[in-house]
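Student: Pasting a structure here, questions to come.
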């Protein structure tokens, strides 16, 4: 565990978890008895760009949890953070300033330092032969850059491997898109999704560790009857919710919503359709309303699906049961369905409220509700899973 | 102001409002210089059933704010609460136990004490000649009982008036339905809504004052690293959200969602359609996903609309601007849209995020986002507005 985390974050960042149930069948968090080497002899050389951020820290946690092999790891951040020390797997590291020369002899670089850093340093790293897995939106819609969720469209990155001496860019989709498609894609493979209406319930973490601290601080203040301190967001967040803080475009959608619309179309929801020679399901119609709610680190999404052919809810449940990286929490009798809290710090996305949409004829529609850890599957885990496929 | 409120509620129930903007054009909260008589000579005799609850208290606030005329008012509650004293408009009242004889000489009774109380005492009151405005779900779907939002379908209660010596039942719709239809109906009048997909963000208040106190207490506990006390809800509410706590039906929808589906159909979204001799738009297709979020007293709803005929978003904005009881907050440049906090304690429902749905052809679809005070327009205000129409 990267102890760095604990120095920099508020009390809640790692511990809003009291009372949460363990997800049945969850694949994360290895048992306490697993032993691992503090430094491997084999494996690629890694670099983590933006290592002091919320996602950067989670990269380290995921690398540890999944025993991701590496022979070396560079901790990179801005000049401001450079020089800080960081303990990872029993080793001390000094955070280095990101420069043009940071990527000599780096096989895989995991980027999460914002779009402008990615735009500047991503191509430089590729030139040096590094495979960049980028968590920003900088390259997602760029022609030729695979936009990958390993469970959804692994074939998109075919041919990109460590050891072939060639750099490459691979983009990690937006967190809301990943979490949505983890459930929508398996269904789409069975019966094509023609239209999808998504409303999100997005956590503070999507705006970074400072936003999580702001939510915590504001909540203290409001409970004490003090005016809330608004720095990251322009309005009170504690005991409130608001339209996503990204810029609103001329069509009235904000950037977060258009990511869901466009990214879903780019990789066409589904990989297996490739076998039917349909490269991208660019005709999948998506609308989204993205809302920030006072939750720490996991997103929820209410998803309404319209299918081309009937899909019975029992069939849908069977499909989702078998889908990788997904757990079903769908107990109508006890009113037990996914919540952000119980997926927090978990790898799997949870899906529930699976039901026939009463507003559509027959079995042409379904409503589902998903929750996924925004920092983990929504960002760091997905990137490390991509890196695993590079080996 | 009913001072009772302050004795019984947690600190946040009336004051989660720091930092909120005043809604432009809002009609609530009269100025401080308005004088009113503490007891009127004229007006109907009133009874408030469930006066010690969150909605019961709000009935009193609304009666005061709107100068609702009455010649007497009975404060009714369960045996447990009977005997408590209560100050209203400078007069002291003793809370009386609700009995079969409570309604002698009562013209209008405002009920908000749960469905079973309404079922038992509502018909008894009607027999005595009382007009009952019921906030529970007991009679909403009953044939012959008008289900009324005054801005939406006032004609449904035509012929029911105080002074004709006849009792009657009038049902107040569910809070989520009212808040949704305040914005959907004006649009539907212009271009028929054929299908509506709703995802809600529902406040604690919908589950009563005790739920609001539980959210406040849990938030304290979680911030202090203690396990949260779960009494009203079965899981942690602070920094979390969950599927609405109402029972889940065999079709997978919970009762709250089916209220939105069925109530919307019962009064057919719209009143003006009556002139076209279509009594109820029972063919309006609705699906809903209802989620409880950690917000105190105002609901938000993400609403996707499909129209029979094209409706341009500019036309929609003009229609909503003119709609009674509605304010538009829709500033894309400053990312200023409705939030639960700024509609808290306000009469008007706020609507924003008005935009053409990119997932539908041409102008056949719109996405909107609404927020409304659950206790006020979602319950007490709507009931008092109904009562005003009885005079």
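Student: Among (1) out of contact with any helix residue (DSSP H, G or I) (no Cβ under 7 Å at 6 or more places or on another chain); (2) at the interface with chain B (Cβ under 8 Å from one of its Cβ atoms), which single condition is residue A:207 missing?
Tutor: All conditions pass for residue A:207, except number (2).
Student: How about the range A:217-228: which of its residues are more than 7 Å from every other protein chain (Cβ to nearest Cβ) and surrounded by 24 or more Cβ atoms within 10 Å (Cβ to Cβ)?
Tutor: A:218 - this is the single residue of the range A:217-228 that is more than 7 Å from every other protein chain (Cβ to nearest Cβ) and surrounded by 24 or more Cβ atoms within 10 Å (Cβ to Cβ).
Student: Ok, one more. Would you confirm whether any residue within the range A:325-337 is free of Cβ contacts under 8 Å to residues at least 60 places away in the same chain, closer than 20 Å to residue A:288 by Cα and not assigned by TED's automatic domain parsing to the domain that holds residue A:153?
Tutor: No, the range A:325-337 contains no residue that is free of Cβ contacts under 8 Å to residues at least 60 places away in the same chain, closer than 20 Å to residue A:288 by Cα and not assigned by TED's automatic domain parsing to the domain that holds residue A:153.
Student: Sticking with this one: Given B:162, B:152, which one is away from every other protein chain (no Cβ under 14 Å) and either surrounded by 22 or more Cβ atoms within 10 Å (Cβ to Cβ) or within 20 Å of residue B:255 (Cβ to Cβ) (or both)?
Tutor: B:152
Student: In this structure, is residue A:198 assigned to a strand (DSSP E or B), at pLDDT below 95, within 14 Å of chain B (Cβ to nearest Cβ) and at negative phi?
Tutor: Against the criterion (assigned to a strand (DSSP E or B), at pLDDT below 95, within 14 Å of chain B (Cβ to nearest Cβ) and at negative phi), residue A:198 does not qualify.
Student: Quick check, is residue B:366 surrounded by 24 or more Cβ atoms within 10 Å (Cβ to Cβ) and over 16 Å from residue B:179 (Cβ atoms)?
Tutor: Against the criterion (surrounded by 24 or more Cβ atoms within 10 Å (Cβ to Cβ) and over 16 Å from residue B:179 (Cβ atoms)), residue B:366 qualifies.
Student: Still on this structure, I have one more. Against the conditions (1) modelled with pLDDT under 95; (2) within 23 Å of residue B:146 (Cβ to Cβ), where does residue B:183 fall short? Just the number, please.
Tutor: Only one criterion is unmet by residue B:183, namely (1).
Student: In this structure, does residue B:231 turn out to be at pLDDT below 90, out of contact with any strand residue (DSSP E or B) (no Cβ under 8 Å at 6 or more places or on another chain) and within 13 Å of chain A (Cβ to nearest Cβ)?
Tutor: So residue B:231 does not fit the description; no.
Student: Among (1) modelled with pLDDT under 95; (2) over 21 Å from the mean Cα position of the chain (by Cα), which single condition is residue B:263 missing?
Tutor: Residue B:263 satisfies all of (1) modelled with pLDDT under 95; (2) over 21 Å from the mean Cα position of the chain (by Cα) except (2).
Student: Something else now. Would you check if residue A:189 is more than 14 Å from chain B (Cβ to nearest Cβ) and part of a helix (DSSP H, G or I)?
Tutor: When the stated conditions are applied, residue A:189 passes them.
Student: Could you identify the single residue in A:145, A:126, A:152 that is under 21 Å from residue A:176 (Cα atoms) and out of contact with any helix residue (DSSP H, G or I) (no Cβ under 8 Å at 6 or more places or on another chain)?
Tutor: A:145
Student: Which members of the range A:303-312 meet the condition of being part of a loop (DSSP other than H, G, I, E, B) and either within 14 Å of chain B (Cβ to nearest Cβ) or buried (at least 17 other Cβ atoms within 10 Å of the Cβ) (or both)?
Tutor: Within the range A:303-312, A:311, A:312 meet the criteria.
Student: While we're looking at this one, here's another question. Answer yes or no: is there a residue in the range A:336-346 that is closer than 30 Å to residue A:165 by Cα, crowded, with 21+ Cβ neighbours inside 10 Å and in contact with a strand residue (DSSP E or B) (Cβ under 8 Å, 6 or more places away or on another chain).
Tutor: Checked against the condition, which is being closer than 30 Å to residue A:165 by Cα, crowded, with 21+ Cβ neighbours inside 10 Å and in contact with a strand residue (DSSP E or B) (Cβ under 8 Å, 6 or more places away or on another chain), the range A:336-346 yields no hits at all.
Student: Could you list all residues from the range A:313-333 that are touching a strand residue (DSSP E or B) at 6+ places or on another chain (Cβ under 8 Å), surrounded by 13 or more Cβ atoms within 10 Å (Cβ to Cβ) and more than 20 Å from residue A:361 (Cβ to Cβ)?
Tutor: Residues satisfying the conditions are A:317, A:320, A:321, A:325, A:326, A:327, A:328, A:329, A:330, A:332.
Student: Where residues in the range B:346-363 are touching a residue at least 12 places away in the same chain (Cβ under 8 Å), within 12 Å of chain A (Cβ to nearest Cβ) and more than 24 Å from the chain's Cα centre (by Cα), which of them is nearest to residue B:150 (Cα to Cα)?
Tutor: Checked the range B:346-363; the qualifying residue nearest to residue B:150 (Cα to Cα) is B:355.
Student: Exactly one of (1) in contact with a strand residue (DSSP E or B) (Cβ under 9 Å, 6 or more places away or on another chain); (2) modelled with pLDDT under 95 is unmet by residue B:390. Its number?
Tutor: The failed condition is (2).
The values are calculated or read from the model by the stated rules, or taken from the named source; none is laboratory data. Bear in mind that the values here come from a model prediction, so they are computed numbers and not experimental data. As a convention, Cβ positions derive from the backbone with ideal geometry for all residues, glycine included, and neighbour counts pool all protein chains shown.
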